[in-house]
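Peer 1: Dumping the structure here so I can ask a few things about it.
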Amino acid sequence: MTGYLEMYNLGKTYPGADGPAVIVEGFDLSLQQGEFVSLIGHSGCGKSTVLSMVAGLNSISDGGVVVDGREIDGPGPDRGVVFQAPSLLPWFTAFDNVMLGVNKVFAHATPAERSDIVEHYLTVVGLGDALEKRPAELSGGMRQRVGIARALALAPKVLLLDEPFGMLDSLTRLELQDLLLQVRDREKITTLMVTHDVDEAIFLSDRVTMMTNGPAARVGDILPIPFERPRERTALLESDEYYRLREHLLAFLEGQELKRGIAPAAA
């Protein structure tokens, strides 16, 4: 079945003093429209490299990426990206930071229509009362909410998330995971997320894709997540199936650690 987002034989190679350094090789993954897939693997395995190639922010050495039947050749508004740090312009308000992209993508719309789009998505992420606040006046979690609103406001076909909650405290991380799940259920947007958090991957995803160690990292295993949506965290944590899935992911990661000669970390 042809996917809505397809990565076929994707590869990334950098030149090096001792010869080419192959970071990712033969990476094949297909997402259906509306599907949420996580990429998980050890640090340095190439997860973010794959995501940056899909985003068009890093050149592709081999293979290609297709979004909704069109092969990409660079960045574009059809792919919204949320990074670990949202990189907001400090002299702009939350509203203005989101409006920057909206003005470019919806140049044909009236000013009132563009304002409605910005206000809508900032309200969706829980910042309806903070439109005129600048980044210095916002907490880390609130700044990341602006980053999510900025990506969603472009009406992208695909949402790309690169460890979006990795710099947040545990409570804020859980709050934003819940928010992302609510947005996903409402918007039905095709989403690819890089994470190092096993529990986050299970809670949010329809499938979890495990990457082998680099160099020449590729898809090592794919785990379907069978829980129906909408999801409730407490109910999942009471499920035996949740812990079976968790053990599967941990066993894969520990196996990769052993291949690198590293003692498995405690779960």
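Peer 1: Explain nothing, just the number: dipole magnitude of region 1-93 about its Cα centre with +1 on each Lys and Arg Cβ and -1 on each Asp and Glu Cβ, in debye rounded to the nearest 20.
Peer 2: 300 debye
Peer 1: Something else now. Using Cβ counts within 10 Å as a stand-in for footprinting exposure, how do MET167, MET211 rank, fewest first? Spell out each step's value before the answer.
Peer 2: Values: MET167 16, MET211 26.
Going from sparsest to densest Cβ surroundings: MET167, MET211.
Peer 1: Report the net charge of residues surrounding ASP197, where surrounding means a beta-carbon distance below 10 angstrom and charges are Lys +1, Arg +1, Asp -1, Glu -1.
Peer 2: Working: positive: ARG173; negative: GLU163, ASP199, GLU200.
The answer is -2.
Peer 1: If r is the Cβ-Cβ distance from ASP116 to PHE92 and R0 is 22 Å, what FRET efficiency results, to the nearest 0.05? Walk me through the intermediate numbers first.
Peer 2: Working: r = 19 Å, r/R0 = 0.85.
It comes out at approximately 0.75.
Peer 1: Toward the positive end of the charge dipole of the chain, about the Cα centre and with charges on Cβ (Lys, Arg +1; Asp, Glu -1), which of GLY63, VAL198, GLY101 goes farthest?
Peer 2: Projecting each Cα onto the dipole axis, the largest value belongs to GLY101.
Peer 1: Mind checking which of SER43, SER52, SER30 has the largest fluctuation in a GNM of the chain, springs on alpha carbons under 10 Å?
Peer 2: SER43
Peer 1: Hey, another quick one. What angle do you read, to the nearest 10 degrees and between 0 and 90, between the alpha-carbon axis of helix 94-105 and the longest principal axis of the chain?
Peer 2: Helix 94-105 sits at roughly 80 degrees to that axis.
Peer 1: Follow-up. What ratio of Cα Rg to 2.2 N^0.38 Å holds for region 57-182?
Peer 2: Values: Rg = 15.1 Å, N = 126, 2.2 N^0.38 = 13.8 Å.
Output field value: 1.09.
Peer 1: To the nearest 10 degrees, how steeply does helix 111-124 sit against the main Cα axis of the chain, on a 0 to 90 scale?
Peer 2: It works out to around 50 degrees.
Peer 1: Averaged across orientations, what area in nm² does the convex hull of the alpha carbons in region 75-135 project? Show your work: numbers first, answer last.
Peer 2: Values: hull surface 18.4 nm².
For region 75-135, the mean projected area of the Cα convex hull comes to 4.6 nm².
Peer 1: Regarding region 37-116, what's the average projected area of the Cα-atom convex hull, expressed in nm²? List each step's numbers first, then the result.
Peer 2: Working: hull surface 30.5 nm².
Convex hull of Cα atoms, orientation-averaged projection: 7.6 nm².
Peer 1: Return VAL105, VAL65 ranked ascending by Cβ neighbour count within 10 Å, so the fewest neighbours appear first.
Peer 2: Numbers: VAL105 17, VAL65 22.
Fewest to most other Cβ atoms nearby, the residues stand as VAL105, VAL65.
Peer 1: Next question. What distance in nm separates the simple spin-label points at TYR243 and THR13, each placed 7 Å from Cα in the Cβ direction?
Peer 2: So the label points at TYR243 and THR13 sit 4.7 nm apart.
Peer 1: Ranked by Cβ crowding within 10 angstrom, fewest neighbours first, how are THR110, THR191, THR123, THR212 ordered? Let's see the in-between values first.
Peer 2: Values: THR110 9, THR191 26, THR123 13, THR212 22.
So the ranking, lowest neighbour count to highest, is THR110, THR123, THR212, THR191.
Peer 1: Evaluate the Debye formula for region 99-249 with equal point scatterers sitting on the alpha carbons, no solvent, and hand back log10 of I(q)/I(0) at q = 0.17, 0.20 Å⁻¹, in q order, two decimals.
Peer 2: Computed log10 I(q)/I(0) values: -1.05, -1.30.
Peer 1: Going down the list LYS157/LYS259; LYS133/LYS157; LYS104/LYS188, which pairs span over 32 Å between their C-alpha atoms?
Peer 2: LYS157/LYS259
Peer 1: What residue among ASP240, ASP185, ASP28 shows peak mean-square fluctuation when the chain is described by a Gaussian network model with Cα springs under 10 Å?
Peer 2: Evaluated over the chain, the most mobile residue of the options is ASP240.
Peer 1: For the chain, what is the percent of antiparallel DSSP beta bridges, rounded to the nearest 5?
Peer 2: Numbers: 19 of 37 bridges.
About 50 percent, rounded to the nearest 5.
Peer 1: Explain nothing, just the number: dipole magnitude of the chain about its Cα centre with +1 on each Lys and Arg Cβ and -1 on each Asp and Glu Cβ, in debye rounded to the nearest 20.
Peer 2: Working: 25 positive and 37 negative charges, 86 e Å.
Using only the charged Cβ atoms, the result is roughly 420 debye.
Peer 1: In whole Å, what is the distance between the alpha-carbon centres of region 214-236 and region 91-152?
Peer 2: 30 Å
Peer 1: In whole angstrom, how long is each semi-axis of the equivalent ellipsoid of the chain, when you take the square root of 5 times every eigenvalue of its Cα gyration tensor and sort them from largest down?
Peer 2: Numbers: eigenvalues 187, 106, 62 Å².
With the √(5λ) rule applied to the chain, the semi-axes are 31, 23, 18 Å.
Quick note: the coordinates plus some simple rules give every number you see, no bench work behind them. No experiment lies behind these values; they were computed from the predicted model shown. Counting neighbours? That spans all protein chains shown, and the Cβs are built from the backbone with ideal geometry, glycine included.
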